[in-house]
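What follows draws every value from the coordinates through simple rules; no lab data is involved. None of the values given here were measured: they were computed from a predicted structure. Because the Cβ atoms are built from the backbone with ideal geometry, glycine has one as well, and the counts that use them run over all protein chains shown.
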Amino acid sequence: MPRRIAEHGRSYQASYQRANAGFQLLGDLQKQYAATRYSIVQQTVGGEIGAANTATTFGYIFGLFDHELQAKSMAFAEAARQEALRKLDEAAQSGVRVTVDGWDKGLPDPASLPPMIDCAMPASVTELVEAPAGAAR
């Protein structure tokens with residue numbers, strides 16, 4: 001009987017490790033998905049950043065001749081940058097979210113099981129019944 005309990009302990013430890021590996025994989029997949037999504041948005045807003053930089057350059061040039069045109073150009077550039085940042089923030093915060101934290105809450109750690117499992121258990125019910133009164137069990 002003690003061997004059978006120990007086998008269950010090893011089985012529990014294997015199941016615990018397999019579940020832990022599965023949840024780590026799930027977390028890694030979510031990170032990859034988020035990174036890919038962010039990368040796509042980052043590439044998409046690259047044109048907006050380019051337009052904002054061009055507008056800033058023209059704004060400095062226009063500033064030599066027309067301050068009102070400079071202000072409009074700079075306002076456009078700032079609005080384009082803010083829109084790009086908004087899209088990047090949205091991409092970083094959106095998408096599919098899978099929470100894997102706490103999946104093992106309340107489960108005993110496999111390392112804590114052997115002391116519970118390796119206790120001296122009677123080999124059979126008859127051994128327990130036949131033990132003399134007052135004998136240590």
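Name the single residue that is farthest from Thr44 (Cα to Cα) among those in the stretch 66-91 being of a type outside the set (D, E, K, R) and exposed (fewer than 13 other Cβ atoms within 10 Å of the Cβ).
His67
Filtering the stretch 27-36 for residues that are closer than 26 Å to Ser94 by Cα and touching a helix residue (DSSP H, G or I) at 6+ places or on another chain (Cβ under 9 Å) leaves a non-empty set.
For the stretch 63-83, a residue qualifies if it is in a helix (DSSP H, G or I) and of a type outside the set (A, V, I, L, M), and the qualifying residues are His67, Glu68, Gln70, Lys72, Ser73, Phe76, Glu78, Arg81, Gln82, Glu83. Phe58 meets each of the listed conditions (1) exposed (fewer than 14 other Cβ atoms within 10 Å of the Cβ); (2) over 42 Å from the mean Cα position of the chain (by Cα) apart from (1). When the stretch 10-34 is limited to residues that are surrounded by 11 or more Cβ atoms within 10 Å (Cβ to Cβ) and among the aliphatic types (A, V, I, L, M), the one that is farthest from Ala84 (Cα to Cα) turns out to be Ala14.
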